[in-house]
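What follows is one structure encoded as structure tokens, with my remarks underneath.
The values are calculated or read from the model by the stated rules, or taken from the named source; none is laboratory data. Remember, predicted model here, so these are calculated numbers, not experimental data. As a convention, Cβ positions derive from the backbone with ideal geometry for all residues, glycine included, and neighbour counts pool all protein chains shown. Heavy atoms of the whole protein, side chains included, go into the accessibility calculation; ligands, DNA and RNA do not. Shrake-Rupley method; radii C 1.70, N 1.55, O 1.52, S 1.80 Å.
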Amino acid sequence: MAALFTPLALKSVTLRNRVVVSPMCQYSSDDGMATDWHLVHLGSRAVGGAGLVIDEATAVSPEGRISHGDAGIWSDAHVEPLARVNRFIEQHGAVAGLQIGHAGRKASAQRPWEGDQHLGPNEKPWPILGPSALAFGAYLPVAPKAMTKEEIARVRGDFAAAARRALAADVRFLELHFAHGYLAHEFFSPLANQRTDEYGGSFENRCRFLVETFDAVRAAWPEHLPLAVRLSVTDWIEGGVTVEESIELLRKLKARGLDLIDVSQGFITPDISKIPWGPGFMVPTTARIRREVGLPCGAGWMISEPAAAEAIIAEGHADVVILAREMLKDAYWPFHAAKALKVDKPQALLPIQYAHWLKR
Ligand code: 531
């Protein structure tokens, strides 16, 4: 039996297998609302056999969007369009997940295929928030406004409200976006946070926004449902976030009710020169975090081949694999992987309309 196709229980939720569709921005929402695109895109990946489909990074407030096309969950009107997508995902045997976040100093930007730059004066830009008035730089040159404590409290409340709406939208797995140079990561990294109050400086202070936000969400999100965090566990830059500090933060979050770690990396500044790109390059770090924190972990980044994914699970480096580009290329990646790994009756992953005809 392939380890990749064994179920995984997380609190009251059971994933049918270890293949996770990574949250992937589609920049295709209408004022934050899910559209038919999301139904077809995410629905297809549930039909393709994944165990968990995580809806893309969804902004907790309008100013927390990266672009005008980002998904959002800042009003009750966002719930029903998202619930429609999630009901379809669940009808096809996958668990519906949602990632919620705030883009911080990377907000108010063009869609990647429209230039990826901060929005200009004629493109309906909005005010940008961050821990300190330090710009990301390069193609995102606008310095954010350093947040007041009132603004910090408001964003924390926005995360909690987003969690309550996620529940109303039939989400069963919630992930906090604490990675990729967005707001929470900006608070954690000394490369973006130069505050001199209790939200900056020492390790303890740089953790504060993340810990308080986590606590607010955990209080709003049912105890029996899993809560995950995606963390950039290293900045790959001298003076930035280290794996050692990340492990300390993750231990704090574990004590406060964290259920799964989505191990990610990088993107706090435009300098990506030290990222050691290569197949499965984050797997050893994921295994270390799993061992030293003692929580279920997801491994991502450049995992492509079914045999490689199988080895990651079978050898205990991670509990799930989190796939992005492979899922863009092939919504049926789980079905094809099950066939490649000689799983008995791989067509059982598919809906009956397809499975009936695909007996061999
Ligand atoms: C990060 C990324 C950078 C470079 C190559 C692939 C992926 N993602 C992060 C996304 C937005 C798009 C780029 C988020 O985390 C929201």
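Identify all residues within the stretch 173-199 that are assigned to a loop (DSSP other than H, G, I, E, B) and in contact with a Lys or Arg (Cβ under 9 Å, 6 or more places away or on another chain); write none if there are none.
Result: Ala179, His180, Gly181, Tyr182, Ser189, Pro190, Ala192, Asn193, Arg195, Asp197, Glu198, Tyr199.
Would it be correct to say that Arg256 is open to solvent by 20 Å² or more (accessible area, probe 1.4 Å), touching a residue at least 40 places away in the same chain (Cβ under 8 Å) and more than 19 Å from Leu10 (Cβ to Cβ)?
no
Kindly indicate which of Pro334, Pro351 is away from the ligand (no atom under 16 Å from the Cβ), within 20 Å of Leu42 (Cβ to Cβ) and touching a strand residue (DSSP E or B) at 6+ places or on another chain (Cβ under 6 Å).
Just a single option satisfies the conditions, and that option is Pro334.
Which is in contact (Cβ under 8 Å) with a residue 40 or more places away in the chain and within 16 Å of the ligand (Cβ to nearest atom), of Arg65, Arg87?
Going through Arg65, Arg87 in turn, just one is in contact (Cβ under 8 Å) with a residue 40 or more places away in the chain and within 16 Å of the ligand (Cβ to nearest atom): Arg65.
Would you confirm, using the coordinates I've provided, whether Asn86 is at pLDDT 95 or above and either part of a loop (DSSP other than H, G, I, E, B) or charged (D, E, K, R) (or both)?
It is false that Asn86 is at pLDDT 95 or above and either part of a loop (DSSP other than H, G, I, E, B) or charged (D, E, K, R) (or both).
So which residues in the stretch 289-319 are open to solvent by less than 10 Å² (accessible area, probe 1.4 Å), of a type in the set (Gly, Ala, Ser) and part of a helix (DSSP H, G or I), if there are any at all?
Within the stretch 289-319, just Ala309 meets the criteria.
Of the residues in the stretch 200-253, how many are open to solvent by less than 20 Å² (accessible area, probe 1.4 Å) and in a loop (DSSP other than H, G, I, E, B)?
9
For the stretch 177-197: of the residues being open to solvent by 10 Å² or more (accessible area, probe 1.4 Å) and under 12 Å from the mean Cα position of the chain (by Cα), which is nearest to the ligand (Cβ to nearest atom)?
His180
Conditions: (1) over 23 Å from Pro222 (Cα atoms); (2) open to solvent by 40 Å² or more (accessible area, probe 1.4 Å). Arg172 meets all but one. Number of the miss?
Status for Arg172: all satisfied but (1).
Is it the case, given these coordinates, that Ala96 is within 16 Å of the ligand (Cβ to nearest atom), in a strand (DSSP E or B), of a type outside the set (Phe, Trp, Tyr) and crowded, with 20+ Cβ neighbours inside 10 Å?
When the stated conditions are applied, Ala96 does not pass them.
Can you name the number of the only condition in (1) within 16 Å of the ligand (Cβ to nearest atom); (2) open to solvent by 20 Å² or more (accessible area, probe 1.4 Å); (3) in contact with a Lys or Arg (Cβ under 9 Å, 6 or more places away or on another chain) that Ile322 fails?
(2)
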